[in-house]
Amino acid sequence: MKHYTEEEMLNEWKIRNHYMPMRRDCAVERSDGVDLDALLLRQIETAYARLLREAPVDCLPVEDVADECATTVNDDLSVVIMLPERAARFVEVRLKGWSRAVTQMTPADSALARLQENRFLHGGPACPVCVEGVRSVTAYTAPTADVRLYSVLAVARPADGGYALDESAWHILFDYAKIADE
């Protein structure tokens, strides 16, 4: 996994898109030109946000964000777990007291998600289920009302605000940039 600051990412983007090396043998001064760096940074941000949401997890930064997640316990002992702002999606969720982690988040419109509404059929500590929400999951069912997150692995931006990705993700990043430009 390679980490880039904003400046390093911008330079790498320029090199890989053939904006650099720039000619240094002439000088031109204009006041009506576009701010190329600002334009490219916007393109990078859009493509990187989509990369974090959609690309294969093995080429993205994954970290335990359990300490940063907000939780709400419902009356039926289901737990709503909210992602922190810098995280894009869940990879794995495990509560203390569960016998295993949930690695496949259940879509909200699936039959398994509808079964969670029945207290006799919903998941439990031996066979937990996490139903996707908007930047959240609802975990069924907590072993007690005193919920503690054991781990929440998520695809997340580096805490320093930079960029992190595997070398193999560059082609996906450029594909997302092209799609955004169309």
Some residue of region 29-52 being of a type in the set (Lys, Arg), in contact with a helix residue (DSSP H, G or I) (Cβ under 7 Å, 6 or more places away or on another chain) and under 23 Å from Pro158 (Cα atoms): yes
Residue selected from region 132-161 under the condition open to solvent by 20 Å² or more (accessible area, probe 1.4 Å) and among the aliphatic types (A, V, I, L, M), by the criterion nearest to the chain's Cα centre (by Cα): Leu153
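Criterion first (open to solvent by 50 Å² or more (accessible area, probe 1.4 Å), part of a loop (DSSP other than H, G, I, E, B) and closer than 22 Å to Arg42 by Cβ) does Asp109 satisfy it?
no
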Test: residue in region 78-98 that is free of Cβ contacts under 8 Å to residues at least 12 places away in the same chain, of a type in the set (Asp, Glu) and either open to solvent by 30 Å² or more (accessible area, probe 1.4 Å) or not in a strand (DSSP E or B) (or both): yes
Region 47-75, subset among the small types (Gly, Ala, Ser) and over 19 Å from Val137 (Cβ atoms), residue farthest from the chain's Cα centre (by Cα): Ala47
Of the criteria (1) within 20 Å of the chain's Cα centre (by Cα); (2) in contact (Cβ under 8 Å) with a residue 40 or more places away in the chain, which one Thr103 fails: (2)
Matching residues, region 133-166, being in contact with a helix residue (DSSP H, G or I) (Cβ under 8 Å, 6 or more places away or on another chain) and either acidic (Asp, Glu) or at pLDDT 90 or above (or both): Leu149, Tyr150, Ser151, Val152, Val155, Ala156, Arg157, Gly162, Tyr163, Leu165, Asp166
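For region 37-52, check the following and say yes or no: at least one residue is among the acidic types (Asp, Glu) and open to solvent by 100 Å² or more (accessible area, probe 1.4 Å).
If we filter region 37-52 for residues that are among the acidic types (Asp, Glu), which is where we start, we get 37, 45.
When the remaining residues are screened for being open to solvent by 100 Å² or more (accessible area, probe 1.4 Å), the result is none.
Checked region 37-52: no residue is among the acidic types (Asp, Glu) and open to solvent by 100 Å² or more (accessible area, probe 1.4 Å).
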Leu121 vs. criteria among the aliphatic types (A, V, I, L, M), over 25 Å from Ala169 (Cβ atoms) and open to solvent by 70 Å² or more (accessible area, probe 1.4 Å): yes
Close pairs (9 angstrom Cβ cut-off, 6 or more residues apart or separate chains): within 11 Å of Trp98 (Cβ to Cβ) in region 115-129, charged (D, E, K, R) and assigned to a loop (DSSP other than H, G, I, E, B) anywhere: Ala126/Arg100; Cys127/Arg100; Pro128/Arg100
Which listed residue is without any contact (Cβ under 8 Å) to a residue 60 or more places away in the chain and either open to solvent by 30 Å² or more (accessible area, probe 1.4 Å) or farther than 23 Å from Tyr150 by Cβ (or both), from Ala55, Ala27: Ala27
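The values are calculated or read from the model by the stated rules, or taken from the named source; none is laboratory data. This one's a predicted model, so the numbers in the text were calculated from it and none came from an experiment. Counting neighbours? That spans all protein chains shown, and the Cβs are built from the backbone with ideal geometry, glycine included. Note: accessible area is taken over every heavy atom of the protein model, side chains too, but ligands, DNA and RNA are not part of it. Shrake-Rupley method; radii C 1.70, N 1.55, O 1.52, S 1.80 Å.
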